[in-house]
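Report on the following structure.
Computed from the coordinates by the stated procedures, all read-outs in this text should not be read as laboratory data. In this text, all values refer to a predicted model and were calculated from it rather than measured experimentally. Backbone-built Cβ (ideal geometry, glycine too); neighbour counts: all protein chains shown.
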Amino acid sequence: MYFFLMDTPLLITATLLACAPMAAFAAQTQSVADASVVVKADSPGAVVAPEIYGQFAEHLGTGIYGGVWVGENSDIPNTRGMRNDVIEALRNLHLSVVRWPGGCFADEYHWRDGIGPRENRPSMINTNWGGVVEDNSFGTHEFLDFCELVGAEPFISGNIGSGTVQEMSQWVEYMTSDADTPMTRLRKENGRAEPWKIKYFGIGNETWGCGGSMTAEFYSDQFRKYNTFLKNYGGNKLFRIACGPSDSNYEWTRVLMEKVGHAMNALSLHYYTLPTGDWSRKGSAVDFEESEWFSTLRRTLMIDEFIGQHSRIMDRKDPEKKIALAVDEWGTWYDAQPGTNPGFLRQQNTLRDSMVAALNLHIFHAHADRVRMANIAQMVNVLQAMILTEGPEMVLTPTYHVFEMYKVHQGGTFIPVSISTPDYVCGDERIPAVYATATMNAEGTLFLSLVNVDPNKAQSVSCSFEGYTVSGVSGRILTAPAMDSENSFEQPDVVKPVAFDGASVEAGSLRVEMPAKSILVLEIESAAK
Ligand code: AHR
């Protein structure tokens with residue numbers, strides 16, 4: 001049995017063993033376990049920034065070309081070259097922010113190659129992702145048009161690895177200045193009279209790796225120099241995101257905070273969930289045993305510790321938490337789908353991915369005072385995607401449905417919960433079985449999301465409330481027949497949310513009957529309304 005407050009690190013046993021025999025044993029012999037959740041509505045925390053529900057779209061595989069951009073002359077219905085089905089699906093997620101053009105691609109991207117008449121734009125080789133020829137037909141104007149179509153803030157990732165200070169500074173001027181200069185005249189010639197508002201600007205990506213193989217000290221000096229020449233034009237104010245570490249590289253955070261903490265608005269963090277933890281043999285997206293269901297979830301939970309540690313290091317220089325942690329790449333990374341270009345990072349998405357998405361979002365909520373942006377990798381057709389396309393076809397993934405169900409939490413106030421839960425045991429390892437997160441919106445409505453990661457056992461959960469009088473409940477559930485259930489073009493609705501009728505009010509508390517491997521979002525009605 002675990003008892004934890006959902007803003008403290010989770011305790012996780014760390015041995016890797018196959019767990020099928022134990023699971024079979026458990027299914028035969030154990031009765032339905034009870035969990036309890038206390039929702040502390042009288043102790044509200046930080047606002048859950050809508051940007052925690054951000055997306056990442058890189059020039060990688062069919063993430064942009066085919067997935068978003070099909071061109072104006074395509075038979076696929078489109079708006080100014082962008083596919084209508086994808087735009088409509090994304091609008092329904094209430095997208096807050098989209099990061100572009102990379103990733104590793106950003107540090108070899110030269111923005112001037114992606115403006116002006118498309119037939120005149122030079123090509124380049126996308127050396128990071130499959131060595132394919134990039135024709136630059138999707139550039140600054142197309143991306144910012146896309147952001148307007150889906151209703152999201154743009155997050156531009158600048159090239160510090162192979163670009164120049166002049167190039168980066170002129171990009172900002174081109175997009176945001178209203179003065180009469182060669183840059184703004186060029187923008188107007190290319191069809192955009194008014195400057196755009198650009199808030200989020202990343203100064204390099206993974207500069208310790210594909211973004212330039214720099215040391216933390218060298219990058220800090222580079223950041224200092226580039227940042228000096230990124231100006232706020234007119235009413236535009238850049239929110240400057242420094243390239244942060246991945247995983248547990250705490251030394252990078254220490255150096256960056258020490259040297260340039262005063263000049264940044266946010267520090268990024270990357271963490272990918274690999275079922276095996278081994279980059280040479282990551283694990284299959286669809287063909288997995290329960291042991292890899294378990295290890296994937298266990299490894300997902302590790303981000304709680306990483307965020308907590310990085311945040312504590314940031315606290316030394318920034319105890320008021322003015323500098324945000326932007327988890328601008330996260331999600332599952334499996335072996336590429338057989339038969340696809342391995343450089344395209346195409347993978348299917350199953351019920352397991354929906355659990356990964358939900359657990360990450362719970363952890364980001366719990367760290368809402370520091371984590372004020374997160375961008376799942378990636379939006380369409382790449383890694384843990386919301387949407388998969390193939391030619392004219394489109395399918396929404398289980399991860400999409402979590403983002404859609406959880407959108408009620410965007411902008412809400414974090415409400416702490418304490419959870420007493422049985423363990424989900426796999427072999428000789430265990431993690432908590434039940435997870436909960438709660439927020440209250442501006443109208444005072446409480447939303448409680450619950451996850452039962454145990455694929456073998458239902459959970460009966462009792463929820464009590466401090467500072468909130470419950471009068472009713474409604475909600476939706478996401479589950480599926482199998483751990484590896486997926487949505488395909490042929491069967492797009494295997495994993496899809498439906499109305500949930502397993503919750504009832506009992507003397508001011510809730511009783512919730514959670515099926516095995518399920519995710520719930522509940523709207524809790526208040527007697528006070
Ligand atoms: O998301 C795929 C890649 O992962 C990104 O380009 C890079 O930043 C990270 O290593």
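Numerical summary
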| quantity | calculated |
| --- | --- |
| Size of charge dipole - region 242-309 - debye, nearest 20, with Cβ of Lys, Arg +1 and Asp, Glu -1, no other charges | 300 |
| D_trans [Stokes-Einstein, Kirkwood Rh over alpha-carbon pairs] for region 249-404, 20 °C, 1.002 mPa s, µm² s⁻¹ | 130 |
| Formal net charge of residues neighbouring residue 487 (Cβ-Cβ distance under 10 Å; K, R +1; D, E -1) | -2 |
| Normalised convex hull volume, region 450-529, alpha-carbon set, Å³ per residue | 90 |
| Within straight-line cross-link reach of residue 40, aspartates and glutamates at Cα separation under 16 Å, skipping those fewer than 8 residues along the same chain | 7, 466, 523, 525 |
| Under 5 Å, built H, 5+ apart or other chain: amide partners of residue 473 | 525 |
| Environment charge of residue 354, counting only residues whose C-beta is closer than 15 Å and scoring Lys/Arg +1, Asp/Glu -1 | -1 |
| Using θ = phi - 60° and Karplus 6.51 cos²θ - 1.76 cosθ + 1.60, couplings along region 404-412 (whole Hz; Gly, Pro as x) | 6, 5, 7, 4, 5, 7, 4, x, x |
| Taking N as its residue count, the alpha carbon Rg of the chain over 2.2 N^0.38 Å | 0.96 |
| Modelled FRET efficiency - R0 22 Å, residue 231 with residue 193, Cβ distances, 0.05 increments | 0.60 |
| Euclidean distance of C-alpha centroids, region 168-200 and region 85-150, integer Å | 17 |
| Karplus 3J(HN,Hα) series, Hz, for region 360-367 with 6.51 cos²θ - 1.76 cosθ + 1.60 (x for Gly, Pro) | 4, 5, 4, 5, 5, 4, 5, 10 |
| Other-chain or far-sequence residues with amide H under 5 Å of residue 78's (modelled H) | 84 |
| Cα-based radius of gyration of region 35-134 once divided by 2.2 N^0.38 Å, which approximates compact folds | 1.50 |
| Helix-only [θ]222 nm of the chain, DSSP H runs n ≥ 4, -39500 (n - 2.57) each, per residue, nearest 500 | -7500 deg cm²/dmol |
| With at most 11 other Cβ atoms within 10 Å, longest stretch of the chain clear of loop GluC sites (Glu not before Pro) (DSSP) | 73-319 |
| Only Lys, Arg (+1) and Asp, Glu (-1) charged, at Cβ; region 438-504 dipole about Cα centre in debye | 160 |
| Qualifying trypsin sites (Lys or Arg not before Pro) in region 134-197, DSSP loop, other Cβ atoms within 10 Å at most 16 | 197 |
| Karplus-derived HN-Hα couplings along region 119-124 (A = 6.51, B = -1.76, C = 1.60, θ = phi - 60°), whole Hz, x at Gly and Pro | 5, 9, 6, x, 8, 8 |
| Between region 374-452 and region 277-348, the Cα center-to-center distance that results, in Å | 14 |
| Normalised contact order of region 267-359, rounded percent, pairs of Cα under 8 Å and 6 or more residues apart | 43 |
| Dipole of the chain [Lys/Arg +1, Asp/Glu -1 at C-beta], most positive-end residue of 266, 386, 90 | 266 |
| Chymotrypsin sites (Phe, Trp or Tyr not before Pro) restricted to region 118-219 and DSSP loop, no more than 12 other C-beta within 10 Å | none |
| Proximal charge balance of residue 329 [Cβ under 10 Å; K/R count +1, D/E count -1] | -2 |
| Amide H partners (placed H, <5 Å) of residue 102, local residues excluded | 157 |
| Lysine pairs within region 200-335, Cα separation less than 29 Å, 8 or more sequence positions apart or different chains | 16 |
| Debye, to nearest 20: dipole size of region 57-109, +1 on Lys, Arg Cβ, -1 on Asp, Glu Cβ | 180 |
| Dipole axis of the chain (+1 Lys, Arg; -1 Asp, Glu on Cβ), positive-most option in 475, 256, 280 | 256 |
| The chain, relative contact order [Cα under 8 Å, separation at least 6], % | 22 |
